[in-house]
Amino acid sequence: EFTSLEKLDLSLPLVSTGEPSAAPDVPETEGAVITLTQAGDSVEIVGEAPEGVTVSTIAEAAVSHPDVVEAHFGTLSDEEDVFVTRNETLWQGGAFVPVSRGTQASGPIGIRFNQQTSGEQQAFRVLVVIESGATAEIRELWDGTEGSGDGILFPVAEIVVGDGAHLRYL
């Protein structure tokens, strides 16, 4: 509300390339049982999801969980917010994490968006659906590799937590 956006350069190109495996190790993802890393339009998933947990891209989720995506995607964000609007215009990729009813995730789940080049903008989405009685911890990280310099991130996370469910979202 009180920050001038005059110097925000919205003409920067959209991030299109990246190599998730080139993202450096960071403490925030240590201990995660599974981590989805997106760099540009490339995604890498390392680890194994606990039983009752899925970690995928939103594009994959539209095929594997169409009812969940249709019911929740785009329903929780404020469309009047200029940054959400920008995200809806530009987003590419993103993460989908549903946790089934009653599931107690055995360890943290990592979601990481790594910028590897400077002077670009990146927009991504996260959809988390924790069903009734489930428990999970999700660690979301936005970072850049050394030398990535300036850029703009437009993240949007939509989180649904069912009755009696618990989510720790960092």
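Things worth noting here:
- Rg to Rh, two decimals, where the stretch 11-66 supplies the alpha carbon set and Rh follows Kirkwood: 1.03
- Note on the chain: GNM, Cα springs under 10 Å; of Val68, Val156, Val43, the largest mean-square fluctuation is that of Val68.
- Rounded accessible area of Thr57 (nearest 10 Å², 1.4 Å probe): 20 Å²
- Per-residue ³J(HN,Hα) for the stretch 109-115, Karplus 6.51 cos²θ - 1.76 cosθ + 1.60, θ = phi - 60°, Hz, x for Gly and Pro: 10, x, 10, 9, 10, 10, 8
- Taking the centroid of alpha carbons for each part, the stretch 108-143 and the stretch 50-70 are 14 Å apart.
- Placed amide H near Leu14: partners under 5 Å, 5+ positions off or other chain: Gln121
- Along the chain, longest interval not containing exposed GluC sites (Glu not before Pro), exposed being DSSP loop plus at most 16 other Cβ atoms within 10 Å: 81-145
- The modelled label-to-label distance for the pair Glu60/Ser21, using points 7 Å beyond Cα in the direction of Cβ, is 1.7 nm.
- Taking 0.36 nm per residue of separation and subtracting the current Cα-Cα distance, fully stretching the chain between Glu28 and Thr75 would add 14.0 nm.
- FRET efficiency, 1/(1 + (r/R0)^6) with R0 25 Å, evaluated for Trp142 and Thr89 via beta carbons: 0.85
- Of the residues Gly40, Gly151, Gly119, the one that moves most in a GNM of the chain with alpha-carbon contacts below 10 Å is Gly119.
- Cα gyration tensor shape of the stretch 9-145, rounded if a/c is under 1.5, else prolate or oblate by comparing a/b with b/c: oblate
- Ignoring the sites themselves, the chain has its longest run without trypsin sites (Lys or Arg not before Pro) in a DSSP loop having at most 14 other Cβ atoms within 10 Å at 8-100.
- HN-Hα J in Hz across the stretch 149-165 - Karplus 6.51, -1.76, 1.60, θ = phi - 60°, x for Gly and Pro: x, 6, x, 10, 10, 10, x, 9, 10, 10, 10, 10, 10, x, 4, x, 8
- Amide H contacts under 5 Å for Leu153, placed H, 5+ residues apart: Gln122
- One chain, two ends: Ser100 and Asp41. Fully extended at 0.36 nm per residue, the span grows by 18.5 nm beyond their Cα-Cα distance.
- Close amide H partners of Gly144, meaning residues 5 or more places away or on another chain with modelled amide H under 5 Å apart, are Gln115.
- Global geometry of the stretch 34-115, whether rounded, prolate or oblate, following the gyration tensor of its Cα atoms and the 1.5 cut on a/c: oblate
- Considering only alpha-carbon pairs that sit under 8 angstrom and 6 or more positions apart, the relative contact order computed for the chain is 25 percent.
The values are calculated or read from the model by the stated rules, or taken from the named source; none is laboratory data. Owing to the predicted nature of the structure, the values given are computational and were not obtained by experimental measurement. All Cβ positions, glycine included, derive from the backbone under ideal geometry; neighbour counts span all protein chains shown. For the accessible areas, the whole protein counts, side chains as well, though only heavy atoms, and no ligand, DNA or RNA atoms are used. Shrake-Rupley method; radii C 1.70, N 1.55, O 1.52, S 1.80 Å.
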